[in-house]
Amino acid sequence: MEGFAVLAIILLVLTSPVWVLLLFAAAAAGTMKEAELIIKPIIAAHIKALSARRRQTAPLDAYGNRDARRWRKEQDYFIETVLKDKVRELPPRESIGAWIDQAVDEFESAPEQQASPLMQPVDSNMSPEEYEHHCAGLLRGLGWATRVTKASGDQGVDVVAEKGGHKVVIQCKKYSKPVGNKAVQEVIAAMQFEDANSAAVVSNNSFTPSARALANKSGVLLLYHSELERLDELAGVEREAPPSSAPVTGGLRPTNAAPKELRVFTESSG
């Protein structure tokens, strides 16, 4: 009888509201930890794009503050398109947003990022023409041969960049508002005119939904200027293969493979 009484007391305690809440809390904490272990490596894999998007959608003002409204929309887009299919049960978006912000802060505070010219903010007094030369200079520092076109007769291209036999035509847009689809249309025409392999629109700002839709359909890259560091990867430029020990006959050298199909992760707000 005494054993049954002890069991009854244990069951009574375990089924009381306080213990039920504690059990639910423990289960929720376990689920949150499991999700965190999955989500944080995915964030790390996309950290350069996320960093660029935060600087693009929520730049620091003169007082060191950010208007984070568009950046929150970008986080929602990342959650919907990247995380949702990979995590069985998503934690609250506020928690995911905090993990993203923490990861971006750590990435941008690294000494090598602080020293990189790609991470330096663009002077608000820089003219559109100076911005074109700024982007061309960043590309030259990354090993690209660049040519800035003249203002007239450029057929919708501001910078022509070449590397490893791969040609990219670029429109550079220093805007105070999101870039529209006219820039995408123009760079598509420029790609055909220049017989280029790829096309990109580079801006200090974000892009409108219509610009993103046309870019996704046509394969045009929409980039923040710091993302020029990844142009080789995004444009499908093959890295130079290490020299082979076997002799190359007839003075012939292997050619690069054809560029792969482009699908870009573009900013969602605007």
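Give segment 81-117 a look and list any residue that's acidic (Asp, Glu) and either more than 22 Å from Glu227 (Cα to Cα) or at pLDDT below 90 (or both), or say none. Asp85, Glu89, Glu94, Glu108, Glu112, listed by residue number. Looking only at segment 43-101, residues that are basic (Lys, Arg) and in contact with a Leu (Cβ under 9 Å, 6 or more places away or on another chain) come to 2 in all.
What strands (runs of 3 or more DSSP E) lie completely within segment 134-188 and have 3 or more residues being under 23 Å from the mean Cα position of the chain (by Cα)? Explain how you work it out, then say what you get.
Numbers: elements: 145-148, 159-163, 166-173.
In segment 134-188, 159-163, 166-173 are the strands (runs of 3 or more DSSP E) which contain 3 or more residues that are under 23 Å from the mean Cα position of the chain (by Cα).
Within segment 50-70, the residues that satisfy the criterion of being touching a residue at least 24 places away in the same chain (Cβ under 8 Å) and within 20 Å of Leu222 (Cα to Cα) are Leu50, Ser51, Ala52, Arg53, Arg54, Arg55, Gln56, Thr57, Pro59, Arg70. Here segment 87-109 is the region considered, the condition is being of a type outside the set (A, V, I, L, M, F, W, C) and surrounded by 12 or more Cβ atoms within 10 Å (Cβ to Cβ), and the residue that is farthest from Ala35 (Cα to Cα) is Glu108.
Residue-level check: of (1) in a loop (DSSP other than H, G, I, E, B); (2) farther than 22 Å from Lys73 by Cα, Ala199 misses just (1). Residues in segment 152-169 that are modelled with pLDDT of 75 or more and surrounded by fewer than 16 Cβ atoms within 10 Å (Cβ to Cβ): Gly164, Gly165. Inside segment 217-253, can you point out the residues that are among the aliphatic types (A, V, I, L, M), modelled with pLDDT of 85 or more and either in contact with a Cys (Cβ under 7 Å, 6 or more places away or on another chain) or over 11 Å from Val168 (Cβ atoms) (or both)? Leu222, Leu228, listed by residue number.
Leu214 meets the stated requirement of being more than 30 Å from Glu108 (Cα to Cα), part of a helix (DSSP H, G or I) and at pLDDT 90 or above.
Taking the criterion of being under 26 Å from Asn205 (Cβ atoms) and either among the charged types (D, E, K, R) or not in a helix (DSSP H, G or I) (or both), the residues of segment 70-87 that qualify are Arg70, Arg72, Lys73, Glu74, Asp76, Glu80.
When restricted to residues that are under 14 Å from Arg72 (Cα atoms), assigned to a loop (DSSP other than H, G, I, E, B) and in contact (Cβ under 8 Å) with a residue 12 or more places away in the chain, segment 88-109 contains 0.
The values are calculated or read from the model by the stated rules, or taken from the named source; none is laboratory data. For clarity, every value in this text was computed on a predicted model and none was experimentally measured. Positions of Cβ are generated from backbone atoms using ideal geometry, with glycine treated the same way; all protein chains shown enter the neighbour counts.
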